[in-house]
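Chemist: Sending over a structure as structure tokens; questions will come in a sec.
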Amino acid sequence: MRTHTGILIMTLHIGLIEELSKTGHRIGGYPHFTQYDPRNNESPHDVLLLQIDTDWTDGETDIMWGDGGVANFFISSDDLANLDFSDVIYNWDCY
């Protein structure tokens, strides 16, 4: 019984880490940067619209930003609420 409980706890722990991770492809949520957040405090672009991360599986590279980076698209919350995609900023960085 102890072994099964330990495996269950480890599985839940790994799942939680993966779920809370900022890396990976996502729509919305918290952005991941390999360098730094390019937005300054006055930037109206406060919402992560889309994040596309480097993606490789089984030795195959499907998406590569530089040497393992990430691309982010940001929009202001007001523009998103109005479905106005005319002022979206884009940034990508890598290691």
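Chemist: Please give the FRET efficiency for S43 paired with I9, using the beta carbon to beta carbon distance and R0 = 35 Å, rounded to the nearest 0.05.
Modeler: FRET efficiency, S43 to I9: 0.30.
Chemist: Along segment 73-79, what does the Karplus equation 6.51 cos²θ - 1.76 cosθ + 1.60 (θ = phi - 60°) give for ³J(HN,Hα), rounded to whole Hz, x for Gly and Pro?
Modeler: Per residue, the Karplus-derived 3J(HN,Hα) values read 10, 10, 9, 6, 4, 5, 4 Hz.
Chemist: While we're looking at this one, here's another question. What's the extension gain from I52 to T23 if we count 0.36 nm per residue and subtract their Cα-Cα distance?
Modeler: 9.5 nm
Laboratory data are not the source of any read-out in this text; all were calculated from the coordinates shown. Quick caveat: nothing in here was measured; it's all calculated off a predicted structure. All Cβ positions, glycine included, derive from the backbone under ideal geometry; neighbour counts span all protein chains shown.
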